[in-house]
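Q: So that we are looking at the same thing, I have put the structure below in structure tokens.
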Amino acid sequence: MRRVVFILPVVVFITIAGFLAQGLTRDPSELPSALLDRPAPEFDLPPLEGRDDHGLARSDLGGEPMLVNVFASWCVPCRVEHPLINRLAEEGVTVQGINHKDKPEAARAWLAELGDNFTHVGADRDGRASIEWGVYGVPETYIVDPAGTIVYRHVGPLRPEDVEETILPILESIEQ
Amino acid sequence: MIRALALVAALLATPAAAALLPGERLDDPKLEAMARTIGKELRCVVCQNQSIDDSNAELARDFRRIVRERLLAGDSEAEVLRFMTDRYGEFVLLKPPLNSSTIVLWAGPFAILALGGLALAFTLKRRRHAAAATPDLTAEERRRLDELIGEEPGHA
């Protein structure tokens, strides 16, 4: 009995330390999407002025796996991740864009400079459509499956590791 | 003394709804009051430790606007909060709701306090028994003790 009493605090300590150690590897400010495994929200955005497009709406989603990338010309990390977005599009991935709280001239110039491989771009001038998606910062990238369900959200700029280890595998797994 | 206390009180007083701009307020005072109540309960997801009423972040401003839009559309307080948690999850509520997944958060500290109290009571009882269980010295041992104490200090 006495041995148990001595071991117990050690066991409790190791258990708590284990959880805390695992917690150290996570980012506490990163929110999981409340929309995971739920259908993408209803929205209907006009096109980016001057872009030959009809805009982006809920009806454009589904049918095939696609990415929805929320970006803005005033967002520095968006600029950093955009080459990766371009590369994904060039490899055949359908990427839709939501231009978040941006001026059309600035967004157009940004795309002209960095490359525009978006299939459609919706201009979310006042940010309301983004709120339907649960967006809380830019950039964010959503993976939508052929049924129109959100299966993954990446907060912040995409890095090559994220593309290799997460985005591409998920896209492949929802291919059917 | 009074002045020091007044200074501390002034420094600690957080201005209510510090970030709300006059132009955001609704005309209907009842709805605006509801909006303020809700605003204090919603977390600014960017700053994460402030309510949307206190945060200067642009997203907080958008959230405040949405709260008022929903109220004008006739939503109740519960419906407005549901609207937000549907899109941003339970984390957007500053007060975590009491349900099966948060019961550990709410009850945990009390449970640990109770456990600690039990352990303390147990230990105290053991100590008291141990003290009571010490037998008195026998006559033989008492004689030896007197002999030893009788020796001059410094001897082994």
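The values are calculated or read from the model by the stated rules, or taken from the named source; none is laboratory data. Since the structure is predicted, the reported quantities are computational estimates derived from the model, not experimental observations. Heads up, the Cβs are rebuilt from the backbone with ideal geometry, glycines too, and the neighbour counts pull from every protein chain shown. Each accessible area value is taken on the protein alone, full model and side chains, heavy atoms only, with ligands, DNA and RNA left out. Shrake-Rupley method; radii C 1.70, N 1.55, O 1.52, S 1.80 Å.
Q: What tally of residues in the range B:110-129 results from selecting those that are open to solvent by 100 Å² or more (accessible area, probe 1.4 Å) and within 13 Å of chain A (Cβ to nearest Cβ)?
A: Taking the range B:110-129 and keeping what is open to solvent by 100 Å² or more (accessible area, probe 1.4 Å), we get B:110, B:112-113, B:115, B:118, B:120, B:122, B:125-129.
In the following step, the residues that additionally are within 13 Å of chain A (Cβ to nearest Cβ) were identified as B:112, B:115, B:118, B:122, B:126.
Residues that pass the stated criteria total 5.
Q: Looking at the range B:88-109, can you tell me whether even one residue there is open to solvent by 50 Å² or more (accessible area, probe 1.4 Å), closer than 20 Å to A:L35 by Cβ and part of a helix (DSSP H, G or I)?
A: Yes, there is a match, as at least one residue in the range B:88-109 is open to solvent by 50 Å² or more (accessible area, probe 1.4 Å), closer than 20 Å to A:L35 by Cβ and part of a helix (DSSP H, G or I).
Q: On to the next question. So if I check each of A:F19, A:F71, which one is among the aromatic types (F, W, Y), at pLDDT below 95 and either open to solvent by 30 Å² or more (accessible area, probe 1.4 Å) or closer than 23 Å to A:T119 by Cβ (or both)? Steps first, answer last, please.
A: Working: A:F71 fails: at pLDDT below 95.
Just a single option satisfies the conditions, and that option is A:F19.
Q: Given the criteria over 22 Å from A:G127 (Cβ atoms) and not in a loop (DSSP other than H, G, I, E, B), does B:L7 qualify? Write out each step before concluding.
A: Details: over 22 Å from A:G127 (Cβ atoms): yes; not in a loop (DSSP other than H, G, I, E, B): yes.
Against the criterion (over 22 Å from A:G127 (Cβ atoms) and not in a loop (DSSP other than H, G, I, E, B)), B:L7 qualifies.
Q: Now for a separate question. Of the conditions (1) over 22 Å from A:E49 (Cα atoms); (2) open to solvent by 10 Å² or more (accessible area, probe 1.4 Å), A:L158 satisfies every one except a single condition; which number is it?
A: Answer for A:L158: the failing condition is (2).
Q: For residues in the range B:29-57 being touching a residue at least 40 places away in the same chain (Cβ under 8 Å) and not aliphatic (A, V, I, L, M), which is most open to solvent (accessible area, probe 1.4 Å)?
A: In the first step, residues of the range B:29-57 are kept if they are touching a residue at least 40 places away in the same chain (Cβ under 8 Å); the result is B:31, B:34, B:37-38, B:40-43, B:45, B:51, B:54.
Checking the rest, the ones that are also not aliphatic (A, V, I, L, M) come to B:37, B:40-41, B:43, B:51, B:54.
Values: B:T37: 60, B:K40: 132, B:E41: 57, B:R43: 36, B:S51: 9, B:D54: 50 Å².
Within the range B:29-57, the match that is most open to solvent (accessible area, probe 1.4 Å) is B:K40.
Q: Please identify the pairs in which a residue from the range A:30-41 that is farther than 15 Å from A:E132 by Cβ and within 9 Å of another protein chain (Cβ to nearest Cβ) has its Cβ atom under 7 Å from the Cβ atom of a residue that is surrounded by fewer than 18 Cβ atoms within 10 Å (Cβ to Cβ) and small (G, A, S), counting only partners at least 6 apart or on another chain.
A: Hits for this filter: A:L31/B:G89; A:P32/B:G89.
Q: Exactly one condition in (1) surrounded by fewer than 20 Cβ atoms within 10 Å (Cβ to Cβ); (2) under 22 Å from A:N86 (Cα atoms) is false for A:R125; which is it?
A: Every listed condition holds for A:R125 apart from (2).
Q: Among the residues of the range A:58-72, is any of a type in the set (F, W, Y) and farther than 15 Å from A:H154 by Cβ?
A: Going residue by residue through the range A:58-72, those that are of a type in the set (F, W, Y) are A:71.
Okay, now just the ones that are also farther than 15 Å from A:H154 by Cβ, so none.
Looking through the range A:58-72, none of the residues is of a type in the set (F, W, Y) and farther than 15 Å from A:H154 by Cβ.
Q: Is it fair to say B:E69 is more than 13 Å from every other protein chain (Cβ to nearest Cβ), in a helix (DSSP H, G or I), farther than 30 Å from A:V5 by Cβ and not hydrophobic (A, V, I, L, M, F, W, C)?
A: Numbers: more than 13 Å from every other protein chain (Cβ to nearest Cβ): no; in a helix (DSSP H, G or I): yes; farther than 30 Å from A:V5 by Cβ: yes; not hydrophobic (A, V, I, L, M, F, W, C): yes.
Spelling it out, it is not the case that B:E69 is more than 13 Å from every other protein chain (Cβ to nearest Cβ), in a helix (DSSP H, G or I), farther than 30 Å from A:V5 by Cβ and not hydrophobic (A, V, I, L, M, F, W, C).
Q: Sort through B:R82, B:R61, B:R70 and tell me the only one that's touching a residue at least 40 places away in the same chain (Cβ under 8 Å), open to solvent by 30 Å² or more (accessible area, probe 1.4 Å) and either of a type in the set (D, E) or under 27 Å from A:A40 (Cα atoms) (or both). Show your work before the answer.
A: Numbers: B:R82 fails: touching a residue at least 40 places away in the same chain (Cβ under 8 Å); B:R70 fails: touching a residue at least 40 places away in the same chain (Cβ under 8 Å).
Result of the check over B:R82, B:R61, B:R70: B:R61.
Q: For the range A:147-176, name all the residues that are more than 20 Å from A:D102 (Cα to Cα), assigned to a loop (DSSP other than H, G, I, E, B) and not hydrophobic (A, V, I, L, M, F, W, C). Steps first, please.
A: Step one: of the range A:147-176, the residues more than 20 Å from A:D102 (Cα to Cα) are A:147-154, A:158-176.
Those left that are additionally assigned to a loop (DSSP other than H, G, I, E, B): A:147-148, A:158-159, A:174-176.
A:G148, A:R159, A:E175, A:Q176, listed by residue number.
Q: Also: Would you mention how many residues in the range A:33-47 are open to solvent by 20 Å² or more (accessible area, probe 1.4 Å) and more than 18 Å from A:T119 (Cα to Cα)?
A: Counting residues in the range A:33-47 that are open to solvent by 20 Å² or more (accessible area, probe 1.4 Å) and more than 18 Å from A:T119 (Cα to Cα) gives 6.
Q: Return the only residue of A:R2, A:R26 being of a type in the set (K, R), within 12 Å of chain B (Cβ to nearest Cβ) and open to solvent by 70 Å² or more (accessible area, probe 1.4 Å).
A: Among A:R2, A:R26, only A:R2 is of a type in the set (K, R), within 12 Å of chain B (Cβ to nearest Cβ) and open to solvent by 70 Å² or more (accessible area, probe 1.4 Å).
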